[in-house]
Amino acid sequence: MLDISGLQVLYEDNHLIAVHKPAGWLSQGDKTGDTAMPDYVKAYIKKKYKKEGDVFLGSIHRLDRPVSGVLVFARTSKALTRMNKLFQDQEVDKIYWAITSQRPDPISGTLEHFLLKDRTRNITKAYDKLSNRAAGAKKSTLKYKLIGQSADNHLIEVKPMTGRSHQIRVQLATIGCSIRGDLKYGYPRANKDSSIHLHCTSMSFIHPVKKERIKISSRPPKDQIWGHFKHFFEY
């Protein structure tokens, strides 16, 4: 039986369940065979509601393995279909926090690139415009602003308008602001726990069934670097 004592449930009703995904945990199962978030959430639902047999749980979106924060699942097929449409129509407001050692210049703005995923290397490349080299790339947009600074740590709030693979990581890297710990996108040193300092701090959307706006929030991990900005949140 899975140990679900460390699972943090952020929101729950008959249609949706949202949890905090720790850095290093998988959003979905992959070729590693490691236990993924859906396994823990299903175990939680089975235990809490004394359900026997299979539990329906629909994956709506994902966070990269080294990223932490809000992860939302659907508990019914109706909620899954409607949430997928909300994401597709860009009607989910997502806010991420990233910590970089470089100060963005300018300190706020909008980034637009064409992103192309290299699946053989699991890395995304950013292009300023479409070309033969970027055939198949998808337009990707995010807004960012510097909201805090402590020594050489810069806290950047990011609002992605699209949901491309590794989007925030590669787009910040293109302006010289690789995220702390992110070796894949240019940061020179790994974090000890293989995490990167990127956190999905909140998601807001119209509930797919109740038709009321909800906001789901998650606090960043407790570590020394995030601790520089603890006045932005309370543990």
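Throughout, read-outs are computed from the coordinates displayed, never taken from laboratory work. Not measured: the values here are computed from a predicted model. Glycine also receives a Cβ, built like all others from the backbone with ideal geometry; neighbour counts cover every protein chain displayed.
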For region 166-208: of the residues being of a type in the set (D, E, K, R) and part of a helix (DSSP H, G or I), which is surrounded by the most Cβ atoms within 10 Å (Cβ to Cβ)? Arg169
Hey, among the residues in region 128-143 that are among the polar types (S, T, N, Q) and touching an Asp or Glu at 6+ places or on another chain (Cβ under 8 Å), which one's surrounded by the most Cβ atoms within 10 Å (Cβ to Cβ)? Ser140
Only one of these conditions is not met by Asp118: (1) surrounded by 13 or more Cβ atoms within 10 Å (Cβ to Cβ); (2) within 20 Å of the chain's Cα centre (by Cα). Which number is it? (1)
Mind telling me which of the residues Asp34, Asp64 ends up being among the acidic types (Asp, Glu) and in contact (Cβ under 8 Å) with a residue 40 or more places away in the chain? Asp64
I'd like to check something: does region 89-96 contain any residue that is within 18 Å of the chain's Cα centre (by Cα) and part of a helix (DSSP H, G or I)? no
If only one of Lys125, Lys143 is touching a residue at least 24 places away in the same chain (Cβ under 8 Å) and within 19 Å of Gln90 (Cβ to Cβ), which one is it? Lys143
Tabulated pairs, region 86-114, first more than 19 Å from Gly186 (Cα to Cα), second among the aromatic types (Phe, Trp, Tyr) and in a strand (DSSP E or B), C-beta under 7 angstrom, 6+ apart or interchain: Leu86/Phe205; Glu91/Phe205; Val92/Phe205; Asp93/Phe205; Ser108/Tyr144; Gly109/Tyr144
Hits in region 144-165 (condition: more than 15 Å from the chain's Cα centre (by Cα), surrounded by fewer than 16 Cβ atoms within 10 Å (Cβ to Cβ) and not hydroxyl-bearing (Ser, Thr, Tyr)): Lys145, Ile147, Gly148, Gln149, Ala151, Asp152
Single match in Phe87, Phe114 (criterion: touching a Lys or Arg at 6+ places or on another chain (Cβ under 8 Å) and among the aromatic types (Phe, Trp, Tyr)): Phe114
